[in-house]
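Take a look at the structure below.
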Amino acid sequence: MEIGSFIELDIENTGEYFPDDENVARLNSARAGIYHALQLMGCEKIYMPYYQCPTVNDFLQKKGVKIEKYYLNNLFNPELENIADDGAVLLVNYFGIFSHDFLKEISEKYQHVIIDNGPAFYNPPIEDCYNVYSARKFFGVPDGCYVVGPSAKKNTMNYPQDFSSATSLFLLERHEVGCSASYKERMKNEERIDNADILNMSNLTKALLNGINYQRIRDARRRNFEYAHGQYKEMNMLDVFRHYDDSCVPMFYPLVIEQASMVDELNKRQIFTGRRWNSVLKEVAVDSFEGWLSRYMIPLPVDQRYGKKTLDHVYQNMKQILKG
C-alpha cells in the first residue's frame with residue numbers, strides 16, 4: 001500500500017451500475033465480451049448480422065471463431081434458419097431503440113444467444129442469455145465492457161489486467177482543447193483497444209464508472225431522444241418508435257434520409273456524426289436493408305452533454321442543408 005505524496009483524481013465512490021457478483025464479468029471491450037460469452041457457452045460458431053461493427057468480426061476471426069452472417073428484414077428481425085448445435089446467435093440492440101420485450105421474444109427462438117447491448121447500456125439483461133454492454137459508448141471512460149449472464153465471471157481470473165492510463169489523455173484534452181484537437185489522442189486509445197486481446201477491465205475505467213450519476217444520464221438521453229423525434233419524425237424514413245418503450249435508453253437518434261452527402265455537410269458545420277458502417281456495403285447489396293442503413297442512417301447525438309438548445313442548433317442546420 002502506498003500512502004501520502006500527491007493527490008490523484010478525486011472520484012466519488014457511488015457505485016457501478018452492475019453489481020459485483022458471479023453473474024457479471026468486467027472486461028476491456030464489447031468484442032472481447034462477445035468472445036468470452038462464446039467460451040462460456042462452449043460455442044465454436046457465431047451467427048452475426050451483416051449490419052454490425054467490423055471490429056467485432058475482425059476480433060472473432062483472429063480468435064479462430066467460425067462466423068456465419070445473416071440478413072435482417074426491415075423490421076430488424078433476423079432472417080436465420082438451421083442453427084448448428086455449437087452455434088450462438090448474436091442479436092444487436094440497434095441504436096438502443098429495441099425494448100427488452102422485443103429482444104426477449106426473438107431470443108426465445110434460439111438455444112444459445114448473445115445480446116449485443118453495446119448501443120443500449122441501460123437495457124435490462126435477458127435471462128438465460130449473455131448480455132454484453134459497452135461502457136465507453138455511453139460514458140467518458142477509455143475502455144470497458146460488462147458481460148451479464150449465468151456465471152459470467154467464470155474464467156476471468158485467467159485474463160491479464162488491462163491498463164488504460166497511458167492512452168487516456170484524450171478524455172482530459174477534450175475539456176480544454178475540444179474534440180478536433182484531441183482526436184489524435186483519442187485514436188491512440190482506439191488503436192490500443194484494436195490491438196488488445198481479451199483483458200480484465202482497467203482499474204482506471206472501473207474507478208471512473210464508480211463515480212457516475214447513472215440516473216441523470218439515463219433521464220437526459222431519453223429526454224433528448226424523444227425531443228429529437230419530435231423534430232425529425234416527419235422526415236425520418238425509419239420508424240424509431242416501433243420497438244421503443246420505457247426500457248430503452250438510446251445511444252443516438254438514428255435519422256434516415258436518402259441524402260448521402262448529409263454527414264459530410266454536417267461535418268463542415270462542426271457537427272460530427274460519422275456512419276454506421278460503410279464497410280457493410282462491401283458485403284451486401286446496395287438496395288438491401290443493411291445497405292440502405294449503411295448509406296443513409298445519420299447517428300445524431302442526443303447524449304447527456306446536450307439539451308434542447310444544442311438539439312435545436314443541429315435541427316436548424318439540418319433544415320438549411322436540405323433546402324440547399
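Can you pull out the residues in the range 20-50 that are in a loop (DSSP other than H, G, I, E, B) and more than 20 Å from the chain's Cα centre (by Cα)?
20, 21, 22, 23, 42, 43, 44 - these are the residues of the range 20-50 that are in a loop (DSSP other than H, G, I, E, B) and more than 20 Å from the chain's Cα centre (by Cα).
Any chance the range 285-305 includes a residue that's touching a strand residue (DSSP E or B) at 6+ places or on another chain (Cβ under 7 Å), closer than 16 Å to residue 227 by Cα and β-branched (Val, Ile, Thr)?
Yes, the range 285-305 contains a residue that is touching a strand residue (DSSP E or B) at 6+ places or on another chain (Cβ under 7 Å), closer than 16 Å to residue 227 by Cα and β-branched (Val, Ile, Thr).
Test residue 130 against the stated conditions and say whether it is surrounded by fewer than 19 Cβ atoms within 10 Å (Cβ to Cβ), farther than 25 Å from residue 301 by Cα and in contact (Cβ under 8 Å) with a residue 12 or more places away in the chain.
Judged against the criteria, residue 130 is not a match.
Considering (1) farther than 28 Å from residue 54 by Cα; (2) exposed (fewer than 15 other Cβ atoms within 10 Å of the Cβ); (3) in contact (Cβ under 8 Å) with a residue 24 or more places away in the chain, say which one residue 212 fails and leave the rest.
Condition (2) is where residue 212 drops out.
Taking only pairs six or more apart or across chains, which ones have beta-carbon atoms under 8 Å, a first residue in the range 1-15 that is of a type in the set (S, T, N, Q), and a second residue that is part of a loop (DSSP other than H, G, I, E, B)?
Every condition considered, the pairs that remain are 13/210; 13/211; 14/210; 14/211; 14/212; 14/213.
May I ask you to say which residue of 252, 272 is within 21 Å of residue 138 (Cα to Cα) and at pLDDT 95 or above?
252
Determine whether residue 222 is in a helix (DSSP H, G or I), closer than 30 Å to residue 73 by Cα and not assigned by TED's automatic domain parsing to the domain that holds residue 61.
For residue 222, the condition - in a helix (DSSP H, G or I), closer than 30 Å to residue 73 by Cα and not assigned by TED's automatic domain parsing to the domain that holds residue 61 - is met.
Sort out which residues of the range 152-201 are on the phi > 0 side of the Ramachandran plot and exposed (fewer than 13 other Cβ atoms within 10 Å of the Cβ), and write them in order of number.
178
Looking at the range 267-292 only, could you name the residues that are outside any helix (DSSP H, G or I) and among the aliphatic types (A, V, I, L, M)?
Of everything in the range 267-292, those that are outside any helix (DSSP H, G or I) and among the aliphatic types (A, V, I, L, M) turn out to be 271, 284, 285, 286.
Does residue 295 fit the bill of being assigned to a loop (DSSP other than H, G, I, E, B), among the charged types (D, E, K, R) and not assigned by TED's automatic domain parsing to the domain that holds residue 97?
no
Sort out which residues of the range 56-85 are of a type outside the set (Lys, Arg) and either assigned by TED's automatic domain parsing to the domain that holds residue 276 or surrounded by 15 or more Cβ atoms within 10 Å (Cβ to Cβ) (or both), and write them in order of number.
56, 57, 59, 60, 65, 70, 71, 72, 76, 78, 80, 83
For the range 171-192, indicate whether the set of residues that are within 19 Å of the chain's Cα centre (by Cα), among the basic types (Lys, Arg) and within 15 Å of residue 28 (Cβ to Cβ) is non-empty.
yes
Output the number of residues of the range 248-261 satisfying the condition of being surrounded by 18 or more Cβ atoms within 10 Å (Cβ to Cβ) and not in a strand (DSSP E or B).
5
The values are calculated or read from the model by the stated rules, or taken from the named source; none is laboratory data. Small disclaimer: the values here were computed from a predicted structure and weren't measured. Cβ atoms come from the backbone with ideal geometry, glycine included; neighbour counts cover every protein chain shown.
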